[in-house]
1. How many of the residues in segment 266-309 are open to solvent by less than 50 Å² (accessible area, probe 1.4 Å), in a loop (DSSP other than H, G, I, E, B) and among the hydroxyl-bearing types (Ser, Thr, Tyr)?
2. Starting from segment 268-288, take each residue that is in contact (Cβ under 8 Å) with a residue 24 or more places away in the chain and list its partners that are aromatic (Phe, Trp, Tyr) and buried (at least 18 other Cβ atoms within 10 Å of the Cβ), counting only C-beta distances under 6 angstrom and pairs at least six apart or across chains.
3. Please identify the pairs in which a residue from segment 64-85 that is under 11 Å from residue 43 (Cα atoms) has its Cβ atom under 9 Å from the Cβ atom of a residue that is modelled with pLDDT of 85 or more and exposed (fewer than 12 other Cβ atoms within 10 Å of the Cβ), counting only partners at least 6 apart or on another chain.
4. Being exposed (fewer than 14 other Cβ atoms within 10 Å of the Cβ) and either among the aliphatic types (A, V, I, L, M) or not in a helix (DSSP H, G or I) (or both) is the filter; apply it to segment 1-40 and report the residue that is modelled with the lowest pLDDT.
5. Kindly state which helices (runs of 4 or more DSSP H) lie completely within segment 180-265 and contain at least 3 residues that are of a type in the set (Val, Ile, Thr) and in contact (Cβ under 8 Å) with a residue 24 or more places away in the chain.
Amino acid sequence: MSLNEQYFDKASAQLEDRRRRNKATEQLRHDEVCAKLPEYAKLETLLSDTSRKLITIMIQDKDNAAEKLSQLEQSNLTLQKSMSDLLVQGGFPEDYLEPVYTCKNCRDKGYADGKWCECFIRLMLDEAAKEMNSVSPLKLSTFDSFKTEYYSDTFDSTLGTSPRTIMSRNLEFCKSYADSFTEKSDSVFMTGGTGLGKTHLSLAIADAVIKKGYNVIYGSAPELLRVMEREYFGRADSDTMDALTKCDLLIFDDLGAEMDKPLYSSLIYELMNARISRGLPTIISTNLGENELNRRYQDRILSRMLSFEVLMFAGTDIRRKISR
């Protein structure tokens, strides 16, 4: 089942609710204007009488229909001008009583120019992200709860600085990344040993980006790949790949923890290639070092990952320090 089919009903319900709320807004505005400007309501009644006059002309005065219709049209234009002037004089914007649309492109229909509108696709992606993130720990990590004091401030000659300095830079980078995030932001590749905060900072970014109104999908590589494997062999009725390749931000956590299967490598390549082609940002994290990555993944995958903004995580497993 494609993304469109799986989340169509939920997105359609949201679209209908959007139309209902906008119609209610239109009615409230109309009532407000008529209450404040009784003359406007009178002119509106005269204008609504046009249909009756039109039918009368067509039935009773066919010989002079052209002239009568021209006069009726001119009368209507005069009424509309008077109503517009009255609205502005009453302190209302000129377009205050125009139809209200959340999306002007499709006028809240969900489609335009013979295809699904971008707003409707986004509604479906939001539903997909909401469902896939329902079991992930998106609310458990924030930038404020990331403590750099757990990292050593002792100079490390291999690093050329201290782990705390490196992790302070990573924290500031991630904060800035989340603050300035758009669908065209760079992708990020986080690499370093276990327990150094890669997942924590990824989730902190996700939390901040979601609050800005973007749809984000977070998942561990083993979990997402198992789901896509079941769908690949027809054992699940959904299209996770479609959702992962289209969301505003994908966080692919713990790369390398998945089983070493040719299918998984193909799925990773397809996923990354699709997102790069669309210009969409991805955050990938891994515990594997350079040599392990080279042994595990083909050059076509590595070259794409290493074209991302690379963040090196340093130190020793801080989860043990926190638990102590």
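1. Qualifying residue count, segment 266-309: 1.
2. If the second residue must be aromatic (Phe, Trp, Tyr) and buried (at least 18 other Cβ atoms within 10 Å of the Cβ), the pairs left are 284/189; 284/252.
3. Once the first residue is under 11 Å from residue 43 (Cα atoms) and sits in segment 64-85, its partners that are modelled with pLDDT of 85 or more and exposed (fewer than 12 other Cβ atoms within 10 Å of the Cβ) give 84/94.
4. Out of the qualifying residues, it is 1.
5. 198-211
Okay, residues lined up against (1) modelled with pLDDT of 85 or more; (2) more than 34 Å from the chain's Cα centre (by Cα):
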residue: 130; (1), (2): no, no
residue: 136; (1), (2): no, no
residue: 143; (1), (2): yes, no
residue: 148; (1), (2): yes, no
residue: 152; (1), (2): yes, yes
residue: 155; (1), (2): yes, yes
residue: 167; (1), (2): yes, no
residue: 170; (1), (2): yes, no
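The rows are residues; the columns are (1) at pLDDT below 90; (2) open to solvent by 10 Å² or more (accessible area, probe 1.4 Å); (3) over 20 Å from the mean Cα position of the chain (by Cα).
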site	(1), (2), (3)
212	yes, yes, no
221	no, no, yes
233	yes, yes, yes
256	no, yes, yes
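The values are calculated or read from the model by the stated rules, or taken from the named source; none is laboratory data. In this text the structure is predicted, and so the values were computed from the model without any measurement. Using ideal geometry, Cβ is built from the backbone for each residue, glycine included, and neighbour counts are taken over all protein chains shown. Protein only, heavy atoms only, side chains kept; ligands, DNA and RNA dropped before computing areas. Shrake-Rupley method; radii C 1.70, N 1.55, O 1.52, S 1.80 Å.
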